[in-house]
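The values are calculated or read from the model by the stated rules, or taken from the named source; none is laboratory data. As the structure is a computational prediction, the values presented were derived from the model and not from experiment. Cβ atoms come from the backbone with ideal geometry, glycine included; neighbour counts cover every protein chain shown. Only protein heavy atoms, including side chains, enter the accessible area calculation; ligands, DNA and RNA are left aside. Shrake-Rupley method; radii C 1.70, N 1.55, O 1.52, S 1.80 Å.
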Amino acid sequence: MSARPVVVVTRRLPEAVEQAAARDFDARLNRDDKPLGPDGLKEALRSADAVLCTVSDKLTADILSAEPRRARLLANFGVGFNHIDVEAAKARGLAVSNTPDVLTDATADLAMTLLLMVARRAGEGERHLRAGAWTGWRPTHMMGTQVSGKTLGLVGMGRIARAVAGRAHGGFGMRVIFHDPYPPSPEVARSLGAEPRERLEDVLRQADFVSLHCPATPETRHLMNRERLALMRPDAYLVNTARGDVVDEAALVEALQSRRIAGAGLDVFEREPEVSRGLLELENVVLLPHLGSATTETRVEMGMRALENLRLFFAGSPLRDRVA
Ligand code: 8YV
């Protein structure tokens, strides 16, 4: 009889990752890729030694209370883990790991994609052309905003924000300012060409583009509320590749509709996969379906990193990426 740990993999993963999972574990793969839902997640916790989960699995305190529970590790595929009630997991002695580092570049690239798209009206232009509405070149057609040389304001200065700073400063000659309650050392900030601001409000007031890179926690929920959105300049843009919860989506719709801010580029939403109707109706927003880490290379690396955590766990070694 196989003594390999049973691992429930909640969603389809890239082929190479599924093969590695099946090689090293008694892996219960999700061939049809349907989310397990609350009952399926409870069943996974009762029947497997570990669950390899994703952002689409809401692991609430209620779900984690499934008894009798066999699972001892939630190996999250992704760096963000606000879909897991980590306190409830801790209280129940359930370990949690994530997959940092490997998705930093892909996510930073996507933040720049959104920034460029919204500034240069790329989504709007594509819709215009595909609709057959383009009547030809003219000097005043669909003028956007210059990106090069502008000021980028980063909210949070962790791994992904630093990668965005490098791209923006080095590649686009942008001035980079940031706020983080736990800022990097002055040397690190200088090496990225980034200037700290003690107050978030100063970043919001001074930036042409505000890009969000803080984790979703109770403290950062609706950080970008009506009052803070109002601090942004009317010609400024908001970019969010962090988590939808960081922005009060209704307040954002209002700010965009009233042209209180110039536009937004969003990869994440408050109630995914639902997107506020108000956003869908606006031309001055770019909307992507949570694609931050969606490159083949990165998704394979994320899967391999989750498997590495699983292997370490079952070998009785410290997790590489323990979050609880
Ligand atoms: C993932 C992400 O695609 O890692 C994260 O936090 O938001 C995305 O890169 C998603 O979380 C997968 O579970």
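When residues in the stretch 105-117 are screened for being within 30 Å of Leu307 (Cα to Cα) and surrounded by fewer than 20 Cβ atoms within 10 Å (Cβ to Cβ), 3 of them pass.
Of all residues in the stretch 1-41, exactly one satisfies the criterion of being assigned to a helix (DSSP H, G or I) and among the polar types (S, T, N, Q), namely Gln19.
Return yes when His290 is in contact (Cβ under 8 Å) with a residue 60 or more places away in the chain and either within 12 Å of the ligand (Cβ to nearest atom) or under 23 Å from Val164 (Cβ atoms) (or both) and no when it is not. Working first, answer last.
Working: in contact (Cβ under 8 Å) with a residue 60 or more places away in the chain: yes; either within 12 Å of the ligand (Cβ to nearest atom) or under 23 Å from Val164 (Cβ atoms) (or both): yes.
It is true that His290 is in contact (Cβ under 8 Å) with a residue 60 or more places away in the chain and either within 12 Å of the ligand (Cβ to nearest atom) or under 23 Å from Val164 (Cβ atoms) (or both).
Within the stretch 73-95, which residues are among the aliphatic types (A, V, I, L, M) and more than 13 Å from the ligand (Cβ to nearest atom)? The answer is Leu73, Val86, Ala88, Ala89, Ala91, Leu94, Ala95. Only one entry in Val268, Val246 is closer than 15 Å to Thr220 by Cα and touching a Leu at 6+ places or on another chain (Cβ under 6 Å), namely Val246. Among the residues of this structure, Lys34 counts as one that is of a type outside the set (Val, Ile, Thr) and open to solvent by 50 Å² or more (accessible area, probe 1.4 Å). Taken over the stretch 118-174, the residue count meeting the criterion of being open to solvent by less than 20 Å² (accessible area, probe 1.4 Å), within 20 Å of Glu281 (Cβ to Cβ) and not small (Gly, Ala, Ser) is 1.
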